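Everything on this sheet refers to the single structure shown next.
The values are calculated or read from the model by the stated rules, or taken from the named source; none is laboratory data. Treat the numbers as computed from the prediction; the structure is a model and nothing was measured. Please note: Cβ atoms are built from the backbone with ideal geometry, for glycine as well, and neighbour counts cover all protein chains shown. Only protein heavy atoms, including side chains, enter the accessible area calculation; ligands, DNA and RNA are left aside. Shrake-Rupley method; radii C 1.70, N 1.55, O 1.52, S 1.80 Å.
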Amino acid sequence: MENTFPKDFVFGTATAAYQIEGAVNEDGRCPSIWDTFSHTPGATFAGDTGDVATDSYHRWREDLALLNDLGVDAYRFSIAMPRIMPTPNGIPNAKGLDFYERIVDTLLEYGIKPVVTLYHWDLPQYLEDAGGWLNRVTSYALGDYAAVVAKRLGDRVDTWTTLNEPWCASYLSYGAKEQAPGLGLGPGAFPAVNHLNLAHGLMVQAVRDIVGDKSKYSVTLNMPFNRGDADACHRLDLIANRAFLDPMLRGRYPDELFAITKGICDWSFIQPGDLENAHQPIDVLGVNYYSTNRVAMSDRPQFPQETGPSTCPGASDIDWLPTDGPHTDMGWNIDPQGLYDTLMRVHDRYPEVDLVITENGMACRDQLVVNEDGTKAVHDADRIDYLERHFAAAKRALDDGVPLSGYFVWSLLDNFEWYFGYAKRFGITYVDYATQERTKKDSFLWYRDFIASRG
Ligand code: FCB
């Protein structure tokens, strides 16, 4: 595939702290909700935990050298709050800050832009014990933590991203039981939605107070793109997308969101000032995109509402239909047109922000092969095909007027895939978990050539 992206287009890869670092008890880190959750029997597939993960807390140099070899312009990684603020007393842990400073400085030596995610789901357990995202105190704690990180790393960070996928951090984590803390409260997850929006705004304000406009500000969402019945799509758009984007970018919740959740949520947890705080100027909206859903309205009544666990409270009368293949190893359908449609739609609605694809990639059943000369390889032609088709869709959106400025492949290396543990491989680098040996997959080599051939 010819690389016709503009010269200043940013190519990168992405990871997240709990998925790669391991070293959960080292240098003063406190437990996070993902430590607790993954150690709960039955909570993750095969009981996998992030205790060791890809051991990147120790192998960070090797991993950053991979990035340098790949030739990326930027690296999106997350900072673990449990390493920075390990106790409720507000005193930062110097060793945690030192670790991320080494990463940032090494990236800069390589000429790679650091793109930091401040919250990629690893909430300190002590905050969860006080109510977690159901308690607004958490939002303020995140603001304080952001200030601590900004004071140390300041404008060496190219882009500050507040949250990764608040949809998962609220509905999947408090509404359902799929992710930590896995409370399964159904509509009881709505306060978490508001407190995540508030935390986003408080973090932007905290960092901007210190760094000013020398860095860019952003937030990353998965914006599930639904195909099918228009009513069902509209309802899900309100719950999954606009419940976050409208407060952050418009300073209000859609009236229709209140209407469709009437009877299950009174939204009285929104306090005066919350929306003003949530609504802060940002430069970039991060889009995580993997696949699409197909939905329809069912015959079940919307009221009385569900009270049990739900990944989408307020949508009890919507059916999720099987999608057309082919599917990835996650069972997610491959739909590059969905990426194009998502970018066009998001830009149409929020034209004031640049867009960056902060995650896109594919889980495959990768096989490590040992060549006769002892070298190793992974022939992941299916992943290369997936990436080529999604890059082409992104380029079409760019040509059609979307201010798309970057693309981060998920992920630099295989890692702890949350509920699925080590069973699902998203990396362009293969990790042998028995030895922690890294092997570049064919997709790594393809991406390296693709980046180098730009322009
Ligand atoms: C996203 C997460 C990321 C990774 C991918 C596959 O929802 O942000 O950490 O697990 O899915």
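Numbers below:
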| quantity | calculated |
| --- | --- |
| Subset of region 218-242 [closer than 15 Å to N164 by Cα and part of a helix (DSSP H, G or I)] | A240, N241 |
| Top-ranked residue in region 311-328 [being open to solvent by 20 Å² or more (accessible area, probe 1.4 Å) and at pLDDT below 90; ranked as farthest from D382 (Cα to Cα)] | S316 |
| Tally of residues being closer than 14 Å to C312 by Cα and without any contact (Cβ under 8 Å) to a residue 60 or more places away in the chain across region 163-172 | 3 |
| Residue count for region 344-363, restricted to those that are hydrophobic (A, V, I, L, M, F, W, C), open to solvent by less than 10 Å² (accessible area, probe 1.4 Å) and in contact with a Phe, Trp or Tyr (Cβ under 8 Å, 6 or more places away or on another chain) | 2 |
| Those helices (runs of 4 or more DSSP H) lying entirely in region 1-99 with at least 2 residues under 30 Å from L398 (Cβ atoms) and open to solvent by 20 Å² or more (accessible area, probe 1.4 Å) | 56-70 |
| Residues of region 388-416 classified as in contact with a Ser or Thr (Cβ under 8 Å, 6 or more places away or on another chain) and surrounded by fewer than 23 Cβ atoms within 10 Å (Cβ to Cβ), total | 1 |
| Region 158-175, subset in a helix (DSSP H, G or I) and within 14 Å of the ligand (Cβ to nearest atom), residue most open to solvent (accessible area, probe 1.4 Å) | W167 |
| Matching residues, region 334-343, being within 16 Å of the ligand (Cβ to nearest atom) and either open to solvent by less than 10 Å² (accessible area, probe 1.4 Å) or under 24 Å from S218 (Cα atoms) (or both) | G338, L339, T342 |
| Among (1) of a type in the set (D, E); (2) in a loop (DSSP other than H, G, I, E, B); (3) surrounded by fewer than 22 Cβ atoms within 10 Å (Cβ to Cβ) - the single one D122 does not satisfy | (3) |
| Near pairs, Cβ below 8 angstrom, 6+ apart or cross-chain, from region 211-231 (within 16 Å of the ligand (Cβ to nearest atom)) to any residue that is of a type in the set (D, E) and part of a loop (DSSP other than H, G, I, E, B) | S218/D283; T220/E165; L221/E165; N222/E165 |
| When residues of region 277-312 are limited to those that are over 30 Å from M344 (Cβ atoms) and of a type in the set (D, E), the one farthest from the ligand (Cβ to nearest atom) | D299 |
| Breaking point among (1) touching a helix residue (DSSP H, G or I) at 6+ places or on another chain (Cβ under 7 Å); (2) under 20 Å from G186 (Cα atoms); (3) open to solvent by less than 10 Å² (accessible area, probe 1.4 Å); (4) within 16 Å of the ligand (Cβ to nearest atom), for A243 | (4) |
| Residues located in region 413-438, provided they are among the basic types (K, R) and away from the ligand (no atom under 11 Å from the Cβ) | R438 |
| Every residue from region 434-455 that is under 24 Å from the mean Cα position of the chain (by Cα) and open to solvent by 60 Å² or more (accessible area, probe 1.4 Å) | K440, R448 |
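Let's see how each residue does on (1) open to solvent by 30 Å² or more (accessible area, probe 1.4 Å); (2) of a type in the set (A, V, I, L, M); (3) free of Cβ contacts under 8 Å to residues at least 60 places away in the same chain:
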{"residue": "P247", "(1), (2), (3)": "no, no, yes"}
{"residue": "G251", "(1), (2), (3)": "no, no, yes"}
{"residue": "C265", "(1), (2), (3)": "no, no, no"}
{"residue": "F269", "(1), (2), (3)": "yes, no, no"}
{"residue": "A278", "(1), (2), (3)": "no, yes, no"}
{"residue": "N293", "(1), (2), (3)": "yes, no, no"}
